[in-house]
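**Student:** Right, I'll just put the structure down here and ask away after.
Just so you know, all these numbers are worked out from the coordinates, no wet-lab data involved. Since the structure is predicted, the reported quantities are computational estimates derived from the model, not experimental observations. A quick note on method: Cβ atoms are made from the backbone with ideal geometry, for glycine too, and the neighbour counts reach across all protein chains shown.
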Amino acid sequence: MVVAMLQKISERCREVIIGSYTDKSQQELADELGVSYAYLRKKKSLCMAELIALVRNNKNHAA
């Protein structure tokens, strides 16, 4: 279900979230994406909140 929800968020959010679960440090990921470390942390937080809301909303509709 989470994989399906990942398809509903922006490509940039997918890059940030998936990239966060690799062996790279957040600084390395930020460098790779061409953003600052602070921006990456904020974007990851916003993207995770969006993904969590989608998953929760989907569970509510499935019940």
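**Student:** State log₁₀ I(q)/I(0) for the chain at q = 0.17, 0.29 Å⁻¹ as given by the Debye formula over alpha-carbon point scatterers of equal weight, solvent excluded.
**Tutor:** Rounded to two decimals, the profile gives -0.57, -1.22.
**Student:** As I understand it, the dipole of region 2-62 uses +1 on the Cβ of Lys and Arg and -1 on the Cβ of Asp and Glu, about the Cα centre. Which of Asn60, Val2, Ile18 lies farthest toward its positive end?
**Tutor:** With unit charges placed on the Cβ atoms, the residue in question is Asn60.
**Student:** Over the chain, how many pairs of lysines fall under 23 Å by alpha carbon, counting only those 8 or more apart in sequence or from different chains?
**Tutor:** Value for the chain: 8.
**Student:** Mind giving me the nanometre distance, one decimal, between the label points for Tyr39 and Thr22, set 7 Å out from Cα along Cα→Cβ?
**Tutor:** 1.8
**Student:** Which value, in debye to the nearest 20, describes the size of the charge dipole of the chain about its Cα centre when Lys and Arg Cβ atoms bear +1, Asp and Glu Cβ atoms bear -1, and nothing else is charged?
**Tutor:** 360
**Student:** Helix hunt in the chain: which complete DSSP H runs extend at least 24 Å axially by C-alpha with mean Kyte-Doolittle at least -0.5?
**Tutor:** Sorted by number, the helices that extend far enough and score high enough are 37-62.
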